[in-house]
Structure formats: structure tokens, C-alpha cells
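Data first, discussion second: the structure below is written as C-alpha cells.
The values are calculated or read from the model by the stated rules, or taken from the named source; none is laboratory data. Predicted model only: the values in this text are computed from it and were never measured. Don't worry about glycine lacking a Cβ; one is built from the backbone with ideal geometry, like all the others, and counts go over all protein chains shown. Side chains are part of the model used for accessible areas, which takes the heavy atoms of the whole protein and leaves out ligands, DNA and RNA. Shrake-Rupley method; radii C 1.70, N 1.55, O 1.52, S 1.80 Å.
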Amino acid sequence: QQEAARGRHCASWGSASCTRWGPYHRCQAYGQRRCVRWSAWLQTDSSAKDADSKAQEAAEGELQAQEAMDADMLQQEAARGRHCASWGSASCTRWGPYHRCQAYGQRRCVRRSTWLQTDSSSLAEETADVHAATEADPKAEEAMEAMEAEMDDQEAAKGRQCVAWDWAGDTCTRWSSYHRCYEYGQRKCVQWSAFMQTQEVVGEQAAAQEKEAAEGEQLAQKAVEKDMSEQERVNGRRCVRWGSASCSRWGPYHHCQAYGSRRCMRWGAWLQTDSSNVEAAEDTDEGKDAEEQNAEQSLEDDMEQQETAKGRKCVSWGAASCTRWGPYHRCQAYGQRR
């Protein structure tokens, strides 16, 4: 009744609430449901046929509009005499029922391609293209040979082999048909290698360089040893442990040609001659009989004085610490014992 009163179909109905409940939770009466969204109008059979005919007419009108647009595109190509490779978009200038376009605007060519030809002319041109692409071009070959000859001339002038060429210089300065290059720019060498020589000369030079490097390393080692001896002579003492020597200049084949100065980390005994050694030994015996004995005697005298002052005999004495050391770790004076 609601749809008939409205004359339209309801697309979505609201929920129905129960107004009277019965036993066992059974609903005995529902409230009125309301239409949430209405759809198309109710139509009779004749009106439905009219709608179908309108849709068919709209579709036919759209097909006619597309055919007219295609015919206009062909006319543009015929007027230009060239195929269009890319067309611009077509905008609709008049819309019909059911969102069907009844007329399109004129499309414009964005990029044109080859010229329009007849069947015989296109076949002849394709055959010529195949022959031209497969056959070698003498001018292109001459250009490549000229570039290679110029590279050989550069190597001969330098007397060295080029390891890496600059590919940016390999640019074509004059193009021909079918993308054939007839002239190249000058290529430049980025990295040169060793001089161009025979194998015997290269071997002899390598042996001479290695021998010279080894001799330089020996001279460097002798210089280091001489510097070490000079340091010991200046200090008058023998070095027990030397610091490492770092290479300050490397030669070929990883041979060191100069070392830095080595520093002594720990010094040992004093440097002495044979006569001085004998005198030192005699001084040692005399020192033991004189200075060290005097130190011990003074220590004993002090201990006796302490016992006399106390009037008692000491059973156990404390250790005596040396207050003054002499050469060869000999004590020249002792502290007081308690």
C-alpha cells in the first residue's frame, strides 16, 4: 500500500518493532515499517517498453557518435597524408538518457607517424629497408676503422698501452640513414698502463728494480743499527729492549727504503771497558770491606747502646732497612733497628 501510494518501489525498509507480545515471547502485533530508501518509479508494461526503447535509442545514438568520430579521424589522416600514432582524448559534447553520449568533440592527433602509402609503394619500401639494414655500409666501417687507427696513434705517441678509454668520447658526430654513424669524435685515454715493451725487457727491468729495492732496504737497516749504537754510546748504557721501527718511505716491491728512529724502552747496565771492569770488581771488594762493614758496625753499636740504656738484653730485633744504597746494590747506611 505504501509503494502503491508513492508510485515507487522501496529499495530499503526500516526494521519492524513488536507492539504486542504473546506467551513464549511470541509477537502478536507489529508496528508500521517505514521505507528508508526509495528506488525507481512503478511502471506499467507499456511504460517499461517505452523505457527499453529509449535505452536502445540512446545506445544507437552513442554508436553513431563513435562512427562519426572515427570517420573524422580518417579524414584528418587523409588530409595530412600521414598516419596518427597517438590521438588525444575525445570529450562528449551532448549527453543522452542513461548517461549515453550522443555527440563527441573533434579528436586531435598528438603524434604523427609514417606517410600514407599504397600497397605497392609500402611493399617496395619495406623490401628496400630490409636490404639496407642487412647490407654493410662501407662509410660506417671506414668511420670505425678511422677511430681505431686514431686510438693506435695515441698509444704509439705515448709509448704506453691504454687500459681504459673514455666512452663519452665515443660519440657520433655525423649520423646517416638507418642510424649509421659516418664520423666519430676523438676518444681520450682515462688510464695508461706500463710502457709498451718486449717480455725480456720487462723482465730485466723488474729484476733490476727488485735488486735496487733490496739494496736500499739493507742500507736502511744498517742506518737504523748505526743510530741505535749511537744512542747507546751517548747514554753510556746498553739498551735491553728497543721499540719497533716504522718504515717512513716505501720502495718498489714493498721494500722499505728508510726507517724511522728507534727508541729504547728499557736501559740496562752501563757500558764499560775491560780495565774499568777490573777496577769495578776491586772497588766492589774494597767497598764491602770498608763502607758496608762500617754501616754494619754502626748498626751493631746502636743496638748495644739501646740495650745499655734499657739495662736489658733484647731477645728479638726488628729488620734493618737500608737508607742509602751504593753501586751494585750495596747498602752504605742502615736505619735504626728496634
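Among 296, 304, 291, 300, which is the only one that is part of a helix (DSSP H, G or I) and within 28 Å of residue 268 (Cβ to Cβ)?
Of the residues listed, the single one that is part of a helix (DSSP H, G or I) and within 28 Å of residue 268 (Cβ to Cβ) is 291.
For every residue, the table says whether it meets (1) within 30 Å of residue 254 (Cβ to Cβ); (2) at pLDDT below 80; (3) surrounded by 13 or more Cβ atoms within 10 Å (Cβ to Cβ); (4) of a type in the set (A, V, I, L, M).
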| residue | (1), (2), (3), (4) |
| --- | --- |
| 146 | no, no, no, yes |
| 149 | no, no, no, yes |
| 152 | no, no, no, no |
| 166 | no, yes, yes, no |
| 173 | no, yes, no, no |
| 177 | no, yes, no, no |
| 181 | no, yes, yes, no |
| 200 | yes, yes, no, no |
| 213 | yes, no, yes, yes |
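Could you please find all residues in the stretch 319-332 being surrounded by 10 or more Cβ atoms within 10 Å (Cβ to Cβ) and either within 17 Å of residue 299 (Cα to Cα) or of a type in the set (Gly, Ala, Ser) (or both)?
Listed by number, the residues that qualify are 320, 321, 322, 323, 324, 325, 326, 330, 331, 332.
Applying the selection to the stretch 16-45, what residues are at pLDDT 85 or above, loosely packed, with under 10 Cβ neighbours inside 10 Å and of a type in the set (Gly, Ala, Ser)?
29, the sole residue that qualifies.
In the stretch 77-117, what residues are open to solvent by 60 Å² or more (accessible area, probe 1.4 Å), free of Cβ contacts under 8 Å to residues at least 24 places away in the same chain and under 30 Å from residue 55 (Cβ atoms)?
Within the stretch 77-117, 89, 91, 93, 94, 95, 99 meet the criteria.
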